[in-house]
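Input: a single structure, listed below in structure tokens.
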Amino acid sequence: MPYSPNKSFAYPQPYNPKQSLELYIISELQDAPAEITQRRDLFTASSRTLLTHYSESHLGQWHTEQTPRYPKFHKDMPDSVVPDVFRNQPQKFGREWLKNFVAIGHLNGIHEDNPSTTETRFPMFDTSDIHEPSDTQASDLHPIGYMIRTSVMLDETLARGEHSPYTLSPYATYLTRSAMALHDIGENEHPGVIVETGETVGDIAATTGKTAADRAQERKILESILAEEFADYFDPEMREIISALVGHRTHGLGSEYTNAHSIQEIAHNLNSARTGIFAANLAVFCANVLARNNDDDDQGIYLIGHSMAMAEQHVKVLSKKFEEVREETPKLCDYFNDVIIGDAMALLAQKAHALDQHESFVRWRTSEPMVAHYGEYQPTA
């Protein structure tokens, strides 16, 4: 096995947690609880500290070049959903879609993306003199950028829960933030993971879902990496709580950690909603560019169509995922639905139909291959 991932499928843009303004901001606001600073012989860790440490480790350097997330929209596309010119080369078209998605994000072409909303969402920080922040929702596709995006969303979600019955203690907040910052390290596919734990799991699409065996192995990898790379930050008790939060096993830890897990899942889902909204905005952006240039070429419609389909798929998947949170903690979910979830899902649903008056898109989306792949589609009136 070559000692590097298959770079032909890597995220097509250099990416480093140190360049994230938003990760810096939320980390500046994160206080270490007395439980850590006074009672345990450990270093304190912000989300930025943890993600920078991980990304600079040999395991993290490998992880950063693994296949980007959402592989069904780039790496694993079937022949039936690519333009004719890419028949028998679906991965070539997939890389084009990925490059388009990422490039427009990093060029700040989508005005509702993170760089243009940072000042609004973090009013306590003056960011007016900071140029070209690297934050973009497109980085949700990056294996480590995704953990940055969910960490930022978690802090926003925790802030919406302040002074409510669901405010977490400082210690539980600290461990929940740490769990979110590192929640996907169990998907690391470094060859050393095979040596240490027997096999890798990698990223499995939400539409497919992880089996119980997948989750057990991912837990094994996560706990191995926590013990190897983060022993200076977390003792065994803390590592077990982090593992339980990541692995959906918090009921034995008491009601506060059940709530913490639900808040973590809400933030996780809200980040995905934000990615769906970004994908729809990107599709509209590209459609407008083609219209201005009087260009209605086949490849352009496919790039637009799959981006819009991502938003549509997020509506379906996230509706189910929020219902799972409701089953675990109904009153908590009702509270957050009122303050943040409802608006986010309503906006996502609206954006997923933003091109319903675009004849070429509707023709593409209701064509037989796309219906077979994505399901039936009914434009809104």
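For residues that are farther than 16 Å from Lys99 by Cα and not acidic (Asp, Glu), scanning just the range 65-85, find the one that is surrounded by the most Cβ atoms within 10 Å (Cβ to Cβ).
Across the range 65-85, the extreme among qualifying residues is Val81.
Could you count how many residues in the range 16-52 are in a helix (DSSP H, G or I) and more than 22 Å from Leu158 (Cβ to Cβ)?
Result for the range 16-52: 2.
Would you check if there is a residue in the range 120-137 being part of a helix (DSSP H, G or I), modelled with pLDDT of 90 or more, open to solvent by less than 20 Å² (accessible area, probe 1.4 Å) and touching a Ser or Thr at 6+ places or on another chain (Cβ under 8 Å)?
There is at least one residue in the range 120-137 that is part of a helix (DSSP H, G or I), modelled with pLDDT of 90 or more, open to solvent by less than 20 Å² (accessible area, probe 1.4 Å) and touching a Ser or Thr at 6+ places or on another chain (Cβ under 8 Å).
Please specify each residue of the range 1-11 satisfying the condition of being part of a loop (DSSP other than H, G, I, E, B), touching a residue at least 40 places away in the same chain (Cβ under 8 Å) and surrounded by fewer than 16 Cβ atoms within 10 Å (Cβ to Cβ).
Met1, Tyr3, Ser4, Asn6
Within the range 86-105, work out how many residues are farther than 24 Å from Asn188 by Cα, among the aliphatic types (A, V, I, L, M) and crowded, with 21+ Cβ neighbours inside 10 Å.
1
Any residue in the range 235-243 that is at pLDDT 95 or above and within 30 Å of Leu347 (Cα to Cα)?
no
Quick one: how many residues across the range 287-311 are touching a residue at least 40 places away in the same chain (Cβ under 8 Å) and open to solvent by 20 Å² or more (accessible area, probe 1.4 Å)?
5
Which pairs turn up if I take residues in the range 92-112 that are among the small types (Gly, Ala, Ser) and look for partners that are surrounded by fewer than 20 Cβ atoms within 10 Å (Cβ to Cβ) and in a helix (DSSP H, G or I) with beta carbon separation below 8 Å, at least 6 apart in sequence or on another chain?
Gly109/Phe285
Just to check your reading of the model, which residue among Thr200, Thr173 is crowded, with 19+ Cβ neighbours inside 10 Å, over 21 Å from Leu318 (Cβ atoms), of a type in the set (Ser, Thr, Tyr) and touching a residue at least 12 places away in the same chain (Cβ under 8 Å)?
Only one candidate passes the filter, namely Thr173.
State all residues of the range 109-119 that are more than 18 Å from Leu348 (Cβ to Cβ) and not in a loop (DSSP other than H, G, I, E, B); if no residue qualifies, say none.
Hits for the range 109-119 are Pro115, Ser116, Thr118, Glu119.
Go through Ala267, Ala279 for me and flag whichever is open to solvent by less than 10 Å² (accessible area, probe 1.4 Å), under 30 Å from Ala172 (Cα atoms) and at pLDDT 95 or above.
Ala267
Looking only at the range 350-366, count every residue that is surrounded by fewer than 20 Cβ atoms within 10 Å (Cβ to Cβ) and assigned to a helix (DSSP H, G or I) and tell me the total.
Number of matching residues: 5.
For the range 322-345, which residues satisfy the criterion of being under 25 Å from Lys72 (Cα atoms) and either open to solvent by 50 Å² or more (accessible area, probe 1.4 Å) or outside any helix (DSSP H, G or I) (or both)?
Scanning the range 322-345 gives Glu323, Glu324.
Hey, could you check the range 149-163 for residues that are of a type in the set (D, E, K, R) and in contact with a helix residue (DSSP H, G or I) (Cβ under 6 Å, 6 or more places away or on another chain) and say which is most open to solvent (accessible area, probe 1.4 Å)?
The selected residue is Arg160.
Considering only residues that are touching a Lys or Arg at 6+ places or on another chain (Cβ under 6 Å) and hydrophobic (A, V, I, L, M, F, W, C), look in the range 1-41 and name the one that is modelled with the highest pLDDT.
Leu23
Identify, please: which residue in the range 14-57 is among the aromatic types (Phe, Trp, Tyr) and touching a helix residue (DSSP H, G or I) at 6+ places or on another chain (Cβ under 7 Å) and is, among those, surrounded by the most Cβ atoms within 10 Å (Cβ to Cβ)?
Only one residue fits best here, namely Tyr54.
Restrict the check to the range 328-335 and report whether at least one residue is farther than 23 Å from Leu98 by Cα, at pLDDT 95 or above and of a type in the set (Lys, Arg).
yes
The values are calculated or read from the model by the stated rules, or taken from the named source; none is laboratory data. Source: prediction; values computed, not measured. Note that each Cβ is placed from the backbone with ideal geometry, even for glycine, and that neighbours are counted across all protein chains shown. Just the protein is used for accessible areas: all its heavy atoms, side chains included, with ligands, DNA and RNA removed. Shrake-Rupley method; radii C 1.70, N 1.55, O 1.52, S 1.80 Å.
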